[in-house]
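Values in this text are rule-based calculations from the coordinates and carry no lab data. Worth saying up front: this structure is predicted, and the values here are computed from it rather than measured. Quick reminder, even Gly has a Cβ in these numbers, built from the backbone with ideal geometry, and neighbours come from all protein chains shown.
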Amino acid sequence: MTVLDIRALNRATLARQLLLDHADMPVLDAVAHLGGLQAQEPQEPFVGLWSRLRAFDPATLSDLLTERRVVRTHLMRRTVHLLTADDVLAWRARHDPMLRQRVLGVYRRELDGVDLEELAAAGRAVMADGEPRSMPELARALAERWPAPGPRPIGEMLIAALIPTVQIPPRGLWRTKGGVRNAVLSAWVGREIDPPSSDGSDPVGQALVRRYLAAFGPAASADVRAWSGLAGLPAAIASIRDELVTFRDERGRELLDLPDAPRPDPDTPAPVRFLPAFDNAILGYDDRTRIIDDPHRNLSVAGERVLLLDGRVSATWKVNADTVTVTPLRSFSRTERAAVTEEGQQMALFLSDKESDRVEIAG
């Protein structure tokens, strides 16, 4: 079986994640291809798409949100993602048990004895008037009936698990601040969520595996689980295994992939790329060494924005006033500093609406 080294896996990831070349792809198609973008920080998806798409116009993404073709919702790993409405409707039911278990993993003691079906029905009854609500507002509406758990556990169980909801604009629009107000997903997009399969098969799980490999492969089954949060995908993988090709990594893990997906030459040059906080190009793997060294693994979990140099996380970056400040994690050559400065100037212009191209490389 062919062994793919770290550099081969890195270039494959960059290609699938649209980070090797800026893609000429419509914004909606890019969101779908990536299987959504991590979005608990509302402005970060704009950075992620700017780094991936040629001539990205942030107004286009804002329009997709107001047109309800893209939504912000809890899904993979119970984190807020920006996804196409079509994907959320198709995938949500498959994620329901995982979402419940993840909330219970935090609030099991507080929610002990609460009938979750009864709680869900009561929450839906409150939301049936079509009025968007914050999580505390919904929890307070039910506090008299369920006083013991407290508002936070009740609110999180309802909004993040029991009732499929979306965070409505202005939350998540470009250069717009807005608190989180939640609407029922099916009412917001005007379509019902696809029901679970009734015959015991797992077509949604199979689709998730294919979509994951298209955007993240070659990858191990543990990587699929790390991205989705779903533990029950081995059967889905087994059912489509004859469609897939297999490799091994240098640790001996079996890697799965789509046969015709891009696997570039490991020596393909990789440009400088500025990634947003919590980008799935890093978080979407169990073994992240293809893109980030183990000593720096927690940077992305901590919400640091990172910079890719030769395809690997080599710096963090932030914006101070009108300046993009880059803090290297290793020494940069003169050529690397020039490349980082050039790309940083473009990022500064994007974030400042062309008012500043200031870049500072610390140290």
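Tell me the mean residue ellipticity at 222 nm calculated for the chain from its helices only (DSSP H runs of n ≥ 4, each -39500 (n - 2.57), averaged over every residue, nearest 500).
-11500 deg cm²/dmol
In debye, nearest 20: dipole of the chain around its Cα centre with unit charges on the Cβ of K, R (+) and D, E (-)?
In debye, rounded to 20, the chain gives about 620.
With both partners inside the range 288-361, how many of the DSSP beta bridges are antiparallel, as a percent to the nearest 5?
Roughly 75 percent of the beta bridges in the range 288-361 run antiparallel, per DSSP.
Only four residue types carry charge here, +1 at the Cβ of Lys and Arg and -1 at the Cβ of Asp and Glu. Report the dipole size of the range 1-81 about the Cα centre in Debye, rounded to the nearest 20.
320
For the range 68-137, build the charge dipole from Cβ charges (+1 Lys, Arg; -1 Asp, Glu) around the Cα centre, then report which of 76, 123, 134 sits farthest towards its positive end.
Final value for the positive-end residue is 76.
7 Å from Cα along Cα→Cβ at both residue 330 and residue 186: what's the point-to-point distance in nm?
Placing both labels 7 Å beyond Cα along the Cβ direction yields 5.2 nm.
Assuming R0 = 35 Å, what is the FRET efficiency of residue 310 and residue 254, from their Cβ-Cβ distance, to the nearest 0.05?
0.80
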